[in-house]
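For reference, the structure is listed below as structure tokens.
The values are calculated or read from the model by the stated rules, or taken from the named source; none is laboratory data. Predicted, not measured: the structure shown is a model, and the values here were computed from it. All Cβ positions, even for glycine, are placed from backbone atoms using ideal geometry, and neighbour counts span all protein chains on display. Calculation scope for accessible area: heavy atoms of the full protein, side chains included, ligands and nucleic acids excluded. Shrake-Rupley method; radii C 1.70, N 1.55, O 1.52, S 1.80 Å.
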Amino acid sequence: MSEPVTPATINFYAETLVANVKQRAAWFRTPHVLWPWGCDKQFFNASVQFANMDPLLDHINSHSAELGVLVQYATLGEYFRTLHTLNVTWSVRDHHDFLPYSSEPLQAWTGFYTSRSVLKGMARQASALLYAGESMFTRYLWPVPQGTLDPAWALQQLQQLRWAVSEVQHHDAVTGTESPKVSDMYMEHLATGMLGVHKLMASIVLEGLGPSVGKQHKAPAANSGTKPAGYFASVYNPLTWTVTTIVTLTVTFPRVSITDELGHPVPAQIQSSAKHPFAYDLLVLTTISGLSYQYYSIRPIIEAQEGTQEPAAAMANTLQFGHRPRRRSNQGGRRLVPVMNDCYTVLFDQDTNLMFSIQERQSNRTVRVAQEFLEYHVNGDVKQGPISDNYLFAPNETAEPTWDTVRMEIVVGKLATEIRQYFYRNATAQAYTYAIYSRLAHVPQGPHGELLCHRIEQEYQVGPLELNREAILRTSSDLNSQQVLYSDNNGYQMQQRPFQAFRNNTIARNYYPMVQSAFIEDGRSRLVLLSERAHGVSSQGNGQVEVMLHRRLWNNLAWDLNYNLTLNDTSIVHPVLWLLLGPKTLTTALRPRSGLALQHRPVVLLRELASPEPPGQGTSSEPPGLRQQVAVTLPPNLHLQILSVPGWSYNTNHTEHMRHLRQGHQGKAQADLHRVLLRLHHLYEAGEDPVLSQPVTVNLKAVLQGLGSVVAVEERSLTGTWDVHTLQRWSWKTKPGHTRGRPMSPSRPRGGSTITVHPKEIRTFFIHFRQQ
């Protein structure tokens, strides 16, 4: 790599390349070998690289008779097209992935599933904000722009976050295997992009409120020193289902009145904040239609007003449970505290301050469930054995408990009950290192409350860790899971992960990625974990599932030191998991939608109220614009993966666009604001659910009527780049006995607005509306 290709070095380079190609040829079914050229952090200047590669390829091809190899540049498309013409009969690998990777027997590449958890969380938050901002801007533009917002500026804000979110799709950002300097750069770009999209969304809301109402509100002041008269909250649901959920706001006043846009009181609960010692958490129950808004006015109730009829948010009551020492046995369960709603009864043991069991009401089954934090101790000296780093996980032994005592608070309210568990490293510690904040909502199941009722929301606080520690949350149950775990590696498809015993490094080699969800089950029940960021996950015992939440490492491996990849991460992380428990039929139906509800929670935009005066009871203060929009609603098994005005300037005919580029026609074209990109995703696999796994047919004109009159529907390739009717799926000859699912999509007529989406299918469209 360091020496250029010259007449003096060309023979050596040619022999080296040819030897490597012949070695790889043994792995291939045909004489055509795919030979990727390059490696990470090595090729920075394309002109220099081609100046070296071109003469080398010419030399090899001019000596092909003696070397036995012909070499040519090729795209992946050209390579597979060549294979297709050979008409070979192929064997079919099943649907399993290749994880976990191992470069050596003692090196399991399972640490990167969790490395740099803060960045993993921020990347997912930025992606969710971008998703919401895209659909909000699209709704603003169609059927007609609702104000004076400059579309070019709006697109600039979206494009800046698009770029930042795209940047963290780099393989080192996804895995957390970048240096601290690069990680800081990723975080800075994400933060800047998120700030821009927040400004855009706030501007859209303000435009929709109208000038007369907008003047009554102002953006929250930063450290102004004066307490606001209250807040005006706009809550946007970015999903295309009606969502019932609890939105949590932090306020500085203990008594508060909250009303909707009609002046009607809203179900709410106020309680001491778990994170801010001099603030309060305001929990608001909200139901929002698809791609729609709810608006709330939040005002403090001062002492002089307490005798008035203004309704106040219900104050929660906090029960304190003192420090309890960690027990060395499984005894307990005689003094149990129940927390229940319409779906679950969760019992906590007063003698340990730990969870004891969960009863699922529908099946009337009680499952013993306990949760605790543990740490794997790892080696940092290469002379002493295998080390853990950004990539690798190499525990010295089984995980050890990280705490000696647990303190518990149960915050009981009408809307929800919150259980706060604080884990202390020793009995004399003043500060806790770990915490679990669990929440159970007291809402009826109903048509829209099913997802909220059927989940136990948990947020954790982890860190700062001691050096060379890897922190896990272990959930132990009496489910007879046979140590079989299911997890996804892409947020799309679940994989079965049976525990395997190895001669070396068994713990690490049984870790797998959990991008969005994981579960264990027996014949009667399934315990599901949903995550808002990627983690490593494993089942090291029957009925157990453990999630790696954080890592802090240092080692003296020269390669790690040279690239600053020792992962000395001193941060505190706050990951979120949602727990679902129930029969397989119930959890199968709830898991995909609940995962999206976690990923795409409603976006809250706050503005300070300029006046403390509440609106007249029962009078309408409904601002014009946004509230008049028709909801966008899809069936429960369809997900709107994107609704966006891309603002692309290139021709929809990809071939013509490429021809123009080759001819040098690269003049800056005007952004096209009339193309709306729509992508739909069927959430269920074939056979998963008797109803939800069926193909679903929708009329896009009816679904999108709130955006205007659809005049044309143009189906595109997955990315939107190609007209799908110009593409032809190849058919490959395969050995018998491997057919799974639906091998070919049915023919798709051009331009129709009624479409059918089959299980796990993703379809992409350009939507053209009638301009007004």
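Brief remarks follow.
- Placing LEU561, LEU209, LEU451 in order of accessible area, with the largest value first and a 1.4 Å probe, yields LEU561, LEU451, LEU209.
- Charge tally for SER525 (other residues, Cβ to Cβ under 13 Å; Lys, Arg +1; Asp, Glu -1): +2.
- Percent RCO, i.e. relative contact order, over the chain, from Cα pairs under 8 Å lying at least 6 residues apart: 15 percent
- Neighbourhood charge, 13 Å Cβ-Cβ cut-off, centred on LEU452 and excluding it, Lys, Arg +1 and Asp, Glu -1: +1
- Within segment 508-574: Cβ-based charge dipole about Cα centre, in debye rounded to nearest 20 (Lys, Arg +1; Asp, Glu -1): 40 debye
- Of THR475, GLY196, LEU557, farthest towards positive along the dipole that unit charges on Lys, Arg, Asp, Glu beta carbons give the chain: THR475
- Around TYR79: net Lys/Arg minus Asp/Glu count, Cβ-Cβ under 15 Å: +2
- Here is the list for segment 225-302: chymotrypsin sites (Phe, Trp or Tyr not before Pro) lying in DSSP coil, each with at most 15 other C-beta atoms within 10 angstrom of its C-beta, are PHE278.
- Under 18 Å of direct C-alpha separation, and excluding same-chain neighbours fewer than eight residues apart, LYS181 reaches these aspartates and glutamates: ASP40, GLU167, ASP172, ASP389, ASP560, ASP569.
- Dipole magnitude (debye, nearest 20) for the chain, charges at Cβ of Lys, Arg, Asp, Glu: 1240 debye
- Size-normalised alpha-carbon gyration radius of the chain, reference 2.2 N^0.38 Å: 1.04
- Accessible area of the chain divided out per residue, in Å², using a probe of 1.4 angstrom: 47 Å²
- Across the options SER102, LEU129, LEU76, the greatest Cα extent toward the positive end of the charge dipole of segment 1-145 (unit charges at beta carbon of Lys, Arg, Asp, Glu) belongs to LEU129.
- The chain, accessible surface, carbon-and-sulfur percent (1.4 angstrom probe): 53 percent
- Computed label-point distance, nm, for sites GLN493 and LYS275 using a 7 Å Cα→Cβ extension: 3.6 nm
- Sites matching trypsin sites (Lys or Arg not before Pro) across segment 12-50 that sit in DSSP coil, with at most 14 neighbouring C-beta atoms within 10 Å: ARG29, LYS41
- Trypsin sites (Lys or Arg not before Pro) lying in DSSP loop within segment 501-601, provided at most 10 other Cβ fall within 10 Å: ARG503
- Think of it this way: in the chain, CYS39 stand alone, with no other Cys Cβ under 4.7 Å.
- Estimated FRET transfer efficiency (GLN705, SER166; beta-carbon r; R0 30 Å; 0.05): 0.40
- Excluding exposed DSSP-loop GluC sites (Glu not before Pro) (at most 10 other C-beta within 10 Å), longest clean stretch of the chain: 398-772
- Think of the chain as a dipole: +1 on every Lys or Arg Cβ, -1 on every Asp or Glu Cβ, centred on the Cα centre; then among GLN663, GLY541, ALA399, GLY541 lies furthest on the positive end.
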